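Participant: Pasting a structure here, questions to come.
The values are calculated or read from the model by the stated rules, or taken from the named source; none is laboratory data. Keep in mind it's a predicted model, so treat the numbers as computed, not measured. So basically every Cβ, Gly included, is an ideal-geometry build from the backbone, and we count neighbours across all protein chains shown. Keep in mind that these areas ignore ligands, DNA and RNA; they rest on the heavy atoms of the full protein, side chains included. Shrake-Rupley method; radii C 1.70, N 1.55, O 1.52, S 1.80 Å.
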Amino acid sequence: MAEWGHGKYGPTGGELIRDAFDAYARSRLIRSDPNSRRGVSARLNYLTSHRGGVEALQAQGLAARPRTLRGWLAGLVVPRRSSREAIDRAYRELRIRNVARELRRRLADGRRITVEPLPADAVPHTKQTRQGQFDDREVFVDGGTWARFVDAWEDDDDRYMDDIWMDDVCGDLGSPPEAYYEVAHVGFTI
Amino acid sequence: MTRHKPLTACQLAELRGQIQLDSGRIAEIGDRQRKLRAELSELAGELREVTNRRDAQLQDARRNGVTAEELAADTGLTAGRIRQIAPGRPAAPRGRRPGAAPAARRRTEVTVTVDDAEPAEAAPVDVHQLADAQLLALADAQLLELARGGRLDVETLVDQATAAGLVDQAAPPAPAAGWITPAAPESPLAPPKRPVVKRPPVGGKARLPKAAGAWTIAGRVDQALQLAAGDMEAAGELLANSAVEDVMSLLDQARAGARYDYTAHPALPAPLIRPGRKQADAIWEARPHWRNPTTPAGTVVDVLDVNGAYLAALRRVHLPIGKLVQDDDPTIYDPKRAGIYLVDPPSWVAQDAPNPLGEGRTESGPMWITTPTLRLFMRAAPGFPLRILESWTSGASESLLTKFGDTLAAARMAAIEAGDDVTKHYVQDLYSRFVSTAGDSAANRDIRRPEWVHAIRSQAFANLWLKGARAATCRLHVHAILGTDELHVAGDWRSALWNGRPAFPEGRSLSTIKFKRSYVVGERGEEVKAHG
């Protein structure tokens, strides 16, 4: 695998873990349209009932007075387009932060993950039996490494996730570690 | 940024060149970021070192009489900050809340008594000019010296400290004088370490500590009863809450000497992926729900209950070992492989037997079934060619969970015979939680194989169908097959023989059935009244 790391052979382990975290976050994020009444009130509800919500709104430049906020929440007043976008951004920021905290908590004890390497000739099969070939490997990823993955995901830093995958996980998978940089599948339960 | 005018070839080439340059620049920036991060952490370390050095020097200077204002001029900090870093005299205690316990500044006032009143060899130090940490270190060093020199009377020391109210009455008693030998350890009077109490997670349920090493079900139940101080309900709750962890650990133990290692989190094909959080996947488990329309009214029907249906099923079921792979030629069934199959179900016309492919399906057209259902159909209708349109399979083993199931079955029988309810419910929790969480469930993080769950359930339903078939062969009238484990027959099933042996032996083991109750069939096939 002379040219690993350029996406030539397939997705990297870091990318797949990022996809898994994204899927988890998507299941937590509000799905309704940020411009609809329902979407606005759902987002405001979250922001006002969770810690850090008001600060997130202020950080987006929304200096809404309590009266305005109450009007929005009651559905009597429709916020301007720029305010709606700011509310959506504030909501996403706070939600992703909380989802990352939840991920760190869940993954704190470490997980055994199943890795399926790409079927290139350089990667040897592990189990070859009458029933066929089973190429999967299992490796234990500890809580500290998961915390770094979650930090990198929160910062939206794909290259750092790839680095953590390469440095911390690939070494335990097999030799040479470059062969496991790009994998076909990474399986774990969050 | 949308352009409505299409670009010329020349502009396009330029744009692509620009994209390449920008991508290169992004990679460069990423590399530089990483280098800067590494540098930053090095600098942080250096900063810590130099700051500590400067603080020590400040303290030296203060001790030797330099005023805070002069040092402030040297360093650029304010005089107040200098006094904080390097106090001349110990700072007066800040206002304490009334009723609060006095602050712990015990060591500043301990005097060291020496047996024959010889002064210590170290130069006299004014203890009031030292910071607390340095004082502790000095006190330790002096005590160590005295201890080594054999001139320390620990008992007097402790008495003095107790008299001054400085020693906690609940502290462990002073060690005997004989423990101080010429080769004393480095830190003689280090404070005893408080035991680390691992708190359970906030809002989590009470559960047993993780099972370590080789453990038995009986041992675990004993542990739970001990922790719950004999209260059976509390012990039952503890066991129920740790059931999922325990059963995965048991599975690990049972697979210890196995030939093939199963894949815990394989990539799943589309039919096994649930479309939403509360929606089911596309697999049909063929659950039987059938009542015989030809039963004459007034027949007395006995309800026979199968024991431990899921446990019996998981002991002998064709399970795929590795990742499911789509077959090139699905039309032929390979008995060495197991998985899921897309079949075209025929319409079932027989009135006096249930459909092996289950009842109650509202959609029409091809459906996804698992290996046990397919094998049941091939056994029930041997001549009928079932069309398999697609299949996802892997190499199979029928005894993947046999040792695991045998352990659980043995524990279950022992508990039933001994009348031990706690163990019986624990074993039931173990295998039922396994079957319900081995699929796509967040409650079980060690395995995600929904095809196993569907296969085990389908095997249980297939076993029930086969029991009905056995009853029919013994000339009993089968009235209904319901749920996971209920078989309703009319006739003398107690004396029915199958290959020379009783067809339906009664008992509580997995190969016997339990008689539940009887009822009388009414006009339209329903139950009329409870009978005897």
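Participant: Keeping all protein chains in place and using 1.4 angstrom, which order do B:GLU69, B:GLU14, B:GLU398 fall into by accessible surface area, from largest down?
Facilitator: On the way: B:GLU69 100, B:GLU14 135, B:GLU398 70 Å².
Reading off the accessible areas and sorting them downward yields B:GLU14, B:GLU69, B:GLU398.
Participant: What does segment B:402-509 give for Rg and for Dmax, in Å, if only its C-alpha atoms count?
Facilitator: 16.9, 48
Participant: Placing +1 at every Lys and Arg Cβ and -1 at every Asp and Glu Cβ, with all other atoms neutral, what dipole size does segment B:223-367 have around its Cα centre, in debye to the nearest 20?
Facilitator: Its charge dipole is roughly 260 debye.
Participant: Search the structure for amide H atoms under 5 Å from the amide H of B:HIS289, placed 1.01 Å from N in the peptide plane, and list their residues when 5 or more places away or on another chain.
Facilitator: The answer is B:GLU359.
Participant: Quick one: if the Förster radius is 41 Å, what FRET efficiency do B:SER509 and A:SER175 give, using the C-beta to C-beta distance and rounding to 0.05?
Facilitator: Efficiency at R0 = 41 Å is approximately 0.25.
Participant: I need the P(r) histogram for segment B:436-490: all alpha carbon pairs, bin width 5 Å from 0 out to the longest distance, whole percents.
Facilitator: Pairs per bin, as whole percents: 4, 20, 20, 14, 12, 10, 9, 7, 4, 1.
Participant: Once label points are set 7 Å from the Cα along Cα→Cβ at both B:SER432 and A:SER27, what is their separation, rounded to one decimal in nm?
Facilitator: 2.4 nm
Participant: Within a 10 angstrom radius of each residue's Cβ in A:181-187, how many Cβ atoms of other chains show up on average? Whole number is fine.
Facilitator: Across A:181-187, the average partner-chain Cβ count within 10 Å equals 3.
Participant: Principal axis extents for segment B:197-312, Cα atoms only, whole Å, descending order, please.
Facilitator: The principal-axis extents, from largest down, are 67, 42, 37 Å.
Participant: When all C-alpha to C-alpha distances in segment B:323-420 are sorted into bins of 5 Å, what percent of pairs does each bin hold, rounded to whole numbers?
Facilitator: Calculated over all Cα pairs of segment B:323-420, the distribution is 2, 11, 18, 17, 13, 11, 10, 9, 5, 3, 0 percent.
Participant: If you don't mind, there's one more thing I want to ask. Within segment A:11-92, report the trypsin sites (Lys or Arg not before Pro) that DSSP leaves as loop and that have at most 12 other Cβ atoms within 10 Å.
Facilitator: On the way: sites: A:ARG18, A:ARG26, A:ARG28, A:ARG31, A:ARG37, A:ARG38, A:ARG43, A:ARG51, A:ARG67, A:ARG70, A:ARG80, A:ARG81, A:ARG84, A:ARG89, A:ARG92; in loops: A:ARG31, A:ARG51, A:ARG80.
Those that pass, being in a loop and sparsely packed, are A:ARG31, A:ARG51, A:ARG80.
Participant: Give the residues of segment B:387-419 whose amide nitrogen is closer than 14 Å to a point set 7 Å from the Cα of B:TYR260 in the direction of its Cβ.
Facilitator: Backbone N within reach: B:393-402.
Participant: So, in nm, how far is label B:ARG494 from label B:ALA9 when the simple model puts each one 7 Å beyond its Cα toward the Cβ?
Facilitator: Going from the B:ARG494 label point to the B:ALA9 one covers 9.6 nm.
Participant: How large is the Rg to Rh ratio of segment A:69-123 when both quantities use alpha carbon positions and Rh follows Kirkwood?
Facilitator: With Rg and the Kirkwood Rh in hand, the quotient comes to 1.37.
Participant: A further question follows. Tell me, in nm to one decimal, what length is gained between B:ARG25 and B:VAL528 on full extension, where the rule is 0.36 nm per residue of separation less the Cα-Cα distance?
Facilitator: The span from B:ARG25 to B:VAL528 would gain 172.9 nm if fully extended.
Participant: Does a label point 7 Å from the Cα of B:GLU417, set along Cα-to-beta-carbon, have any residues of segment B:497-514 with amide nitrogen under 13 Å, and which are they?
Facilitator: Within reach of a label on B:GLU417: B:508-510.
Participant: Across peptide B:259-271, what mean number of C-beta atoms from other chains lies inside 10 Å of a residue's C-beta?
Facilitator: Mean shielding by partner chains, rounded to a whole number: 5.
Participant: Excluding A:ASP156 itself, what net charge comes from residues whose Cβ is under 12 Å from its Cβ, given Lys and Arg +1 and Asp and Glu -1?
Facilitator: -4
Participant: Okay, moving on. Ranked by accessible surface with a 1.4 Å probe, highest first, in what order do A:CYS170, B:CYS10 come?
Facilitator: These residues rank, largest area first, as B:CYS10, A:CYS170.
Participant: If B:LYS424, A:LYS8 are ordered by their accessible area, calculated over protein heavy atoms with a 1.4 Å probe, which sequence runs from highest to lowest?
Facilitator: These residues rank, largest area first, as A:LYS8, B:LYS424.
Participant: For a quick size check, give me the Cα extents of segment A:1-82 along its three principal axes, largest first, whole Å.
Facilitator: So the extents along the principal axes, rounded to whole Å, are 63, 23, 23.
Participant: Hey, another quick one. Calculate the translational D of chain A in whole µm² s⁻¹ from Stokes-Einstein, where the hydrodynamic radius comes from the Kirkwood formula applied to all Cα pairs, the temperature is 10 °C and the viscosity 1.306 mPa s.
Facilitator: Here the translational diffusion coefficient equals 84 µm²/s.
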